[in-house]
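Accompanying notes for the structure given below.
The values are calculated or read from the model by the stated rules, or taken from the named source; none is laboratory data. Model, not experiment: these values are computed from the prediction. Using ideal geometry, Cβ is built from the backbone for each residue, glycine included, and neighbour counts are taken over all protein chains shown.
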Amino acid sequence: MALRLRRGTDAQRAIITPLDGELIYTTDTKKLYVGDGTTAGGKAVDTAGTFLGADLDLNNFNLNGTGNVNIAGNITATGNITADGNMTIGGNLTIGDASTDTVNLSAKIESDIIPDVDGARSLGSPTNKFAGAHLNTLTVADQIDAMSINANVIGNDSTVLLNVATGAIAATGELTGTVKANDATTFYNPALKSVNASTGIFTSTVTAPTFSGTLVGDMSGTVFGDDSTALVDGVNNTVVIDNGGIYATGTTLRVRNAETIKIGGVTDAFSTGLQITNVDGSPPLDMISLAQSSFGGISKMAFTGYHGDIQTPTQGTAGDYLGAIDARSLDGSTGNLVPSSVIAFQIDPNSTVSSDVAKGAIRIINNDGSASVPELKTMSIMSNGWVAINNTLAFTPLATLDINGFAKLAASSTEPATPTLGMIAVADRATWDPVSVGSGNPYPVFYDGTAWIKMIA
């Protein structure tokens, strides 16, 4: 028994809404449609040869098959494009959209490479050069700039004028007599077998047992002093500097005769400094000295502050800052250095400077603001030993310890091992209750030299 579907022309199909699952066959277009209960005419089952009505989403699946893909518009791909066959591209071709993109050629080039404009394109750049070029023939219309040329020099008659393998120069006749430079000065003296470059530049190879004169340019070999000391060792690639006070060789710098290495001078027009870059966490500055039992005998990092003019300094005055240790951080957005913390050394502003007297003060400063609007939080240690915490630079402590804010003592569960007169502590009352208060919160106590006394009622 044959199964027959609902049928009619395509025009008849379009005016009805088939039920969900109902099949309709068009007798004129020979196509099959299935109803969903809402779509007029149903939905086509065979879409071959038709157009998409919306974007096609592969949903992480592939398009596989044999055939061609013909597209009149653009092709945009965020991944890789792999083609096993040939590729023909008409029009302009742009490869890469940034200088960091690269092109790798594994295939051979079977055609000429011709620029679009004569003399306007280059191969490589001064900072990105090709490692080498292998050519049968090189024809240059302008000039060749090179550090060296490893090639034979051939005359017009095919004579080898310079043989690169042997280093021989072939020339007709002999070169005798004096060689003059363009300024008529004697460049080569055959009687003395000497070369005089005068104020010019001599670029060549000098082979001689002894060289006397001034050399400007590259040199290979060993340089000896008048006492036969090898100042430049061309074999071991070392240099020795010795002026009697400073001796330097390899990684060793030694100061003799109690001399001092000086960087800059009081008469310099501009300031000089020493910058040490460290990348591995090792000490960039390691001062090795003999440990001492007294403060006066140890090595110290010194700051010497001159008052007035650095060439003719005068007596310092109270309040002079003598030096500082400055800690800064790089601002990644501006490239500026932002001050973070400073340890500054000062002549006590509240003291009197006189002969043999310059009382000290130390300022420990933190920047609680920004570089443009700094907010300084300072701890000051004055010459009399008084300390001010969390105050301004101009503030003078009014007690041995002057705190602008709050002080906090942690509650102790045990009595100090050796309590002394004047000691203040906080007893936790749970395990240490020196006054036998009993249960409750911790409380402060004072040691009077004999016993602990409760400081609150």
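Brief remarks follow.
- When Asp112, Asp97 are checked against the criterion of being modelled with pLDDT of 80 or more and in a loop (DSSP other than H, G, I, E, B), Asp112 stands alone in meeting it.
- Entry remark, the stretch 389-433: residues being within 22 Å of Ile456 (Cα to Cα) and among the polar types (S, T, N, Q) number 5 in total.
- Residues that are in contact (Cβ under 8 Å) with a residue 24 or more places away in the chain and loosely packed, with under 12 Cβ neighbours inside 10 Å, drawn from the stretch 402-415: Leu409
- Every pair of residues 6+ apart whose Cβ atoms lie under 9 Å, when the first sits in the stretch 125-147 and is farther than 26 Å from Asp101 by Cβ while the second is surrounded by 10 or more Cβ atoms within 10 Å (Cβ to Cβ) and not aromatic (Phe, Trp, Tyr): none
- Among residues that are surrounded by 15 or more Cβ atoms within 10 Å (Cβ to Cβ), among the aliphatic types (A, V, I, L, M) and free of Cβ contacts under 8 Å to residues at least 24 places away in the same chain, Val426 is included.
- Among the residues of the stretch 368-382, the one identified as surrounded by 15 or more Cβ atoms within 10 Å (Cβ to Cβ), modelled with pLDDT under 95 and more than 16 Å from Gly405 (Cβ to Cβ) is Ala371.
- Residue match in the stretch 81-90 (condition: of a type in the set (Gly, Ala, Ser) and surrounded by 10 or more Cβ atoms within 10 Å (Cβ to Cβ)): no
- In this structure, Ser329 qualifies as more than 29 Å from Trp386 (Cβ to Cβ) and either assigned by TED's automatic domain parsing to the domain that holds Thr392 or outside any loop (DSSP other than H, G, I, E, B) (or both).
- Ala399 under 30 Å from Pro349 (Cβ atoms), surrounded by 10 or more Cβ atoms within 10 Å (Cβ to Cβ) and in the same structural domain as Pro339 (by TED's automatic domain parsing): no
Here is a yes/no grid of residues against (1) part of a loop (DSSP other than H, G, I, E, B); (2) polar (S, T, N, Q); (3) in contact (Cβ under 8 Å) with a residue 40 or more places away in the chain; (4) closer than 30 Å to Val69 by Cβ:
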site: Arg4; (1), (2), (3), (4): yes, no, no, no
site: Asp20; (1), (2), (3), (4): yes, no, no, no
site: Asp28; (1), (2), (3), (4): yes, no, no, no
site: Thr38; (1), (2), (3), (4): yes, yes, no, no
site: Gly41; (1), (2), (3), (4): yes, no, no, no
site: Asp46; (1), (2), (3), (4): yes, no, no, yes
